[in-house]
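> If you scroll down you'll find the structure; I have some questions about it.
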Amino acid sequence: MSLPIPTLETARLRLVAPEERHLEVEIPFWESERSRFVGGPLPGYRVWRLLATQLGHWALRGYGSWMVEEKGSGRAIGMVGLWHPGEWPESELAYHLYEGSEGKGYATEAGRAVIDHAYGTLGWRTLISLIDPENTASQSVARRLGAVNTGETFVSNPADPACRPVEIWRYPGPEAMT
Amino acid sequence: MIPRHEMPPAGSAAALAETIAAAIPVLETERTRLRAPRIGDFDLYASIVCSPRGSHLGGPYTRADAWSDFSRAVAGWLLHGHGLWCVETRADRLAIGFVVIGLEPGDAEPELGFLFAREVEGKGFAREAAAAARDFAWHRLGLESLVSYIDAENTRAIELALRLGARRDAAAEARLAEPACVYRHPRPEKRP
């Protein structure tokens, strides 16, 4: 079945539908310590489940996560998207970059495109990111995109003692973004 | 009140979700219709897998885990071209359960699964719907094999598998990493 998932483009990046072939870049990320602030590390077999959950999210909600590729090289550099699994308080802008792709402004560039999609194409009025209090790299991206730490926290799985509370960062509404 | 994350999508997101749903084949039997699952069907899914009967299905699940499981079963359509159907009665369009042709890492072959609400048991709806999905697997998908993985204590599911003509496959069970009963659906002769 072909995916009617829209492709987004920025100056340097292309946001495309995630596919099974992307497991080869997602698995090393989720197995590494880099994923510690976004729910990892995870064993490789769990990463397939995550990818499948992301695709089911597109099918059920009509929005979701993209794989981010460098336009020139075609190299996958991370993922970005609008994510509302389980019992999240509301839809969030979520992103993670693979090793070696940070420090180039890619997360901010991709995040900007997704915010425009959320407020423009989807017509949303609000947007948040859920960020680990120690994840300073992610906080910097959110701050550059105009988000403010509300100080409110959220625990996605209260039954799991290892589940860390995250802070709710809120982006300015669509009026303020234009 | 419907929790926010279980509300159907709106606006252009709804249009995209509907495009994907429209690509999922609809199967009809005498009394049932197998159709694309939608967010509104999640409550029924959760009511089955979060209940004590979910213990036969790897649960009982928390509602959050049920959501992930539901999403993944739907994603099968995008990954493999087969996945989860919601089963409704044709007479009154009441959603009564789910049938799935699934394939997850670790599965040696595609699986036919069925989940039905307790209230509709004993009426033959599950057998009717599961048979339609099985026939779809052979004649439309052209699958080479199809099994049902069933917990040894899930007697109702075992009865249903037997009534569908499936037979226990001890050799396949011996190859599994985790213990489960394997009921193999016999592949029909290729049609001329």
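> Suppose we filter the range A:50-77 for residues that are assigned to a strand (DSSP E or B) and within 12 Å of the chain's Cα centre (by Cα); how many remain?
Matching residues across the range A:50-77 total 4.
> Working only within the range A:44-53, note down all residues that are without any contact (Cβ under 8 Å) to a residue 24 or more places away in the chain, within 25 Å of B:Thr19 (Cβ to Cβ) and open to solvent by 20 Å² or more (accessible area, probe 1.4 Å).
Selection gives A:Arg49 alone.
> Going by the conditions given, is A:Val80 in a strand (DSSP E or B) and away from every other protein chain (no Cβ under 11 Å)?
Yes, satisfied.
> If you go through the range B:40-53 one residue at a time, do you hit one that is among the hydrophobic types (A, V, I, L, M, F, W, C) and part of a strand (DSSP E or B)?
Checked the range B:40-53: no residue is among the hydrophobic types (A, V, I, L, M, F, W, C) and part of a strand (DSSP E or B).
> Taking A:Ala162 as the residue in question, decide whether it is more than 14 Å from chain B (Cβ to nearest Cβ), more than 18 Å from the chain's Cα centre (by Cα), not in a strand (DSSP E or B) and not polar (S, T, N, Q).
Judged against the criteria, A:Ala162 is a match.
> Among the residues of the range B:15-31, what is the count of those that are part of a loop (DSSP other than H, G, I, E, B), more than 7 Å from chain A (Cβ to nearest Cβ), open to solvent by 30 Å² or more (accessible area, probe 1.4 Å) and in contact (Cβ under 8 Å) with a residue 24 or more places away in the chain?
Matching residues across the range B:15-31 total 2.
> Find all pairs meeting these conditions: Cβ atoms under 7 angstrom apart; at least six residues apart or on different chains; first residue within the range A:143-170 and within 16 Å of A:Pro85 (Cβ to Cβ); second residue of a type in the set (Gly, Ala, Ser) and assigned to a helix (DSSP H, G or I).
If the second residue must be of a type in the set (Gly, Ala, Ser) and assigned to a helix (DSSP H, G or I), the pairs left are A:Asn157/B:Ala64.
> Here's something else I'd like to know. Show me the strands (runs of 3 or more DSSP E) found entirely inside the range B:91-188 where at least 1 residues are within 21 Å of B:Ala75 (Cβ to Cβ).
Fully inside the range B:91-188 and qualifying: B:95-102, B:111-116, B:147-150.
> Which residue pairs have Cβ atoms under 8 Å apart, sit 6 or more places apart or on different chains, and have a first residue in the range A:118-134 that is buried (at least 16 other Cβ atoms within 10 Å of the Cβ) and a second that is of a type in the set (Asp, Glu)?
Here the result reads A:Leu127/A:Glu92; A:Ile128/A:Glu90; A:Ile128/A:Glu92; A:Ser129/A:Glu92; A:Leu130/A:Glu92; A:Leu130/A:Glu167; A:Ile131/A:Glu167; A:Asp132/A:Glu167, each pair linking the range A:118-134 to a residue that is of a type in the set (Asp, Glu).
> Give the residues of the range B:1-12 that are in contact with a helix residue (DSSP H, G or I) (Cβ under 6 Å, 6 or more places away or on another chain) and either of a type in the set (A, V, I, L, M) or assigned to a loop (DSSP other than H, G, I, E, B) (or both), sorted by residue number.
B:Pro8, B:Pro9
> Every residue in the range B:32-42 that is surrounded by 15 or more Cβ atoms within 10 Å (Cβ to Cβ) and within 13 Å of chain A (Cβ to nearest Cβ), please.
B:Ala36, B:Pro37, B:Arg38, B:Ile39, B:Asp41, B:Phe42
> The conditions are (1) open to solvent by 40 Å² or more (accessible area, probe 1.4 Å); (2) more than 21 Å from B:Gly11 (Cα to Cα); (3) among the β-branched types (Val, Ile, Thr), and A:Ile77 fails exactly one of them. Which is it?
In the conditions (1) open to solvent by 40 Å² or more (accessible area, probe 1.4 Å); (2) more than 21 Å from B:Gly11 (Cα to Cα); (3) among the β-branched types (Val, Ile, Thr), A:Ile77 misses (1) alone.
> OK, next. Starting from the range B:127-145, keep only residues that are closer than 19 Å to B:Glu88 by Cα, then list their pairs with residues that are in a helix (DSSP H, G or I) and modelled with pLDDT of 95 or more whose Cβ atoms are within a distance under 7 Å, requiring at least 6 positions of separation or different chains.
B:Arg127/B:Leu160; B:Arg127/B:Arg163; B:Ala130/B:Leu160
> Ok, one more. Being within 25 Å of A:Thr108 (Cβ to Cβ) and among the basic types (Lys, Arg) is the filter; apply it to the range A:1-43 and report the residue that is most open to solvent (accessible area, probe 1.4 Å).
A:Arg36
> Let me ask something additional. Can you say whether A:Val114 is in contact (Cβ under 8 Å) with a residue 40 or more places away in the chain, of a type in the set (A, V, I, L, M) and within 14 Å of chain B (Cβ to nearest Cβ), as far as the supplied structure shows?
Against the criterion (in contact (Cβ under 8 Å) with a residue 40 or more places away in the chain, of a type in the set (A, V, I, L, M) and within 14 Å of chain B (Cβ to nearest Cβ)), A:Val114 qualifies.
The values are calculated or read from the model by the stated rules, or taken from the named source; none is laboratory data. All figures in this text were calculated on a predicted structure; none of them were measured in a lab. Here Cβ is always computed from backbone atoms with ideal geometry, including for glycine, and neighbour counts include all displayed protein chains. Surface accessibility is based on the protein's heavy atoms, side chains included, excluding ligands, DNA and RNA. Shrake-Rupley method; radii C 1.70, N 1.55, O 1.52, S 1.80 Å.
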